[in-house]
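Just so you know, all these numbers are worked out from the coordinates, no wet-lab data involved. Keep in mind the model is a prediction, meaning the values are calculated, not measured. Every residue, glycine as well, gets a Cβ built from its backbone with ideal geometry; the counts of neighbours run over all protein chains shown.
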Amino acid sequence: MQGQTILKRCLHAMAATMTILAAPGSATAETLPDFMEPIAGLTQSSPEETATKNVLALNTVMFELYGDAAKVFRANILAKHPVILALFSGAGGRFILYRPGQPPLDAPPVPIAYQLLKSVGHATMALTQVVGPYLDNPDNQSWRASMLAYRSRMQSALDGLGLTDMPEDWRENNRVILQNNIAFMDAALDQGVVSFAELADFSRHQAPFLKLNVAWAAQTQVAHWMGVLTDWKAMLGPDWDKTYAASNTIYVARQNNVLFSVLAQFFGPEAINSRLMLIETVSFTTTPEDMLDSLTRIIADRSVGSLFFGNYHLMDYELMGGDARAAIQAESDKRGTKAFLPPAVPFGSNQWPTLVTPGPGPTSISELP
């Protein structure tokens, strides 16, 4: 009897405790240790909020599933198809060839003359960044320290120019550019002010020399990579026809993208947007891992598009794009305005992934006055 009485008391105590804990707004902090006090408290969630979170969680989990599957998909792709990555870099690019069952093959770099030409050209245009915020302002001398430091580097480059590896006429052109840069910097330091008129005159004077550097750099870069791809295409033989390739680009470099355009000469028009992709990024450089992830995602999503909608290239495009076009048209009609939309392009189009509509005006530096 005594044991039963004790048991009943325990059960009553447990029931009372559960009632307190379950009661909305009850002071549960009294039943918790002191160290829990700062973080304790009831949280509220309506049935509607909980239901919404549960549905939205499906999309979050989707990305995890995609990430896990992508590792397998990438291995499968690389086991069956050669892949070429053409990555932008300050050295004129980096080409990597992945072949099934073999280690990645890095192509030799672009000749150093390419970097020398770009360095001198960039250094010249960078002078506008040194003086630009301080034009026609003699009271502000905060630019002088940067100018003096940059002048020292400019002089060092000029002093050693004769030892650099480039043709003599290229070297002479760069000597003139550097000498003009130093003369402009010395004049600014002596006067203690830079006028916009002086900067504009300096820029016009340097432009013809800079145009030559741009042209020579392009010739050096293109000749090198076309040579590399000629060798790789011969090496791969029949496997070239199942090779994928991708190049990265930021907004400013997407038009006439050098690396993509070189690849296109070897892959042909029918491969553009099919086996040859231009992947836009937000930075000049992209890691090979990120590029392979993007390429894998594009190829894998094509199979998903075929499964659900019967079109292999559907998911190369914004999935809601077509319906969004119709919605924009309908909303524009409601507002009495004319919808402004690009032409509808069929899935799997092989057109260049850049601006393709011709029009008036210059299209290259050589066409400028």
request  = Counting only C-alpha contacts under 8 Å and six or more residues apart, can you give the relative contact order of the range 113-218 as a whole percent?
outcome  = 47
message = Sort MET315, MET235, MET320 by Cβ crowding within 10 Å, fewest neighbours at the top.
response = MET320, MET235, MET315
key: Under Karplus coefficients 6.51, -1.76 and 1.60, residue-wise ³J(HN,Hα) of the range 146-161 in Hz, glycine/proline x   = 5, 5, 5, 5, 5, 5, 4, 5, 5, 5, 5, 5, 5, 4, x, 4
query = What does the helix-only formula give at 222 nm for the chain: each DSSP H stretch with n ≥ 4 adding -39500 (n - 2.57), the total divided by the residues, and the result rounded to the nearest 500 deg cm²/dmol?
reply = -19500 deg cm²/dmol
ask   = Where a Cα-Cα gap under 27 Å defines reach, which lysines qualify for LYS211, not counting those fewer than 8 residues away within the same chain?
value = LYS118
note = Charge tally for neighbours of LYS80 with beta carbon under 12 Å away, counting Lys, Arg as +1 and Asp, Glu as -1, is +2
The chain: most fluctuating residue of GLY305, GLY93, GLY160 per GNM, C-alpha cutoff 10 Å = GLY160
note = Checked against a 32 Å limit on the C-alpha separation, the offending pairs among LYS71/LYS242; LYS71/LYS233; LYS53/LYS242 are LYS53/LYS242
ask   = Around ALA234, with a cut-off of 15 angstrom between Cβ atoms, what is the net charge of the other residues, counting Lys and Arg +1 and Asp and Glu -1?
value = -1
request  = Work through the residues other than VAL193 whose Cβ is under 13 Å from its Cβ and net out their charges, Lys, Arg +1 and Asp, Glu -1.
outcome  = -3
Net dipole in debye of the chain [+1 Lys, Arg Cβ; -1 Asp, Glu Cβ; about Cα centre; nearest 20] = 700
ask   = Any idea how far the Cα center of the range 229-251 sits from the one of the range 292-369, in Å?
value = 24
request  = Can you tell me the FRET efficiency between LYS334 and GLU64 if r is taken as the Cβ-Cβ distance and R0 is 45 Å, rounded to the nearest 0.05?
outcome  = 0.65
ask   = With axes computed from alpha carbons, what is the tilt in degrees of helix 258-267 against the longest principal axis of the chain, rounded to the nearest 10 within 0 to 90?
value = 80
ask   = When the Karplus curve 6.51 cos²θ - 1.76 cosθ + 1.60 is applied with θ = phi - 60°, which whole-Hz ³J(HN,Hα) does each residue of the range 280-292 get, with x for Gly and Pro?
value = 7, 10, 10, 9, 4, 9, 9, 6, x, 4, 5, 5, 5
ask   = In degrees, nearest 10, range 0 to 90: what is the angle between the Cα axis of helix 112-131 and the longest Cα principal axis of the chain?
value = 80
ask   = Toward the positive end of the charge dipole of the chain, about the Cα centre and with charges on Cβ (Lys, Arg +1; Asp, Glu -1), which of ILE272, PRO167, ALA157 goes farthest?
value = ILE272
message = Quick check on the range 43-95: take the gyration tensor over C-alpha atoms, sort the square-rooted eigenvalues as a ≥ b ≥ c, and tell me if it's rounded (a/c under 1.5), prolate or oblate.
response = oblate
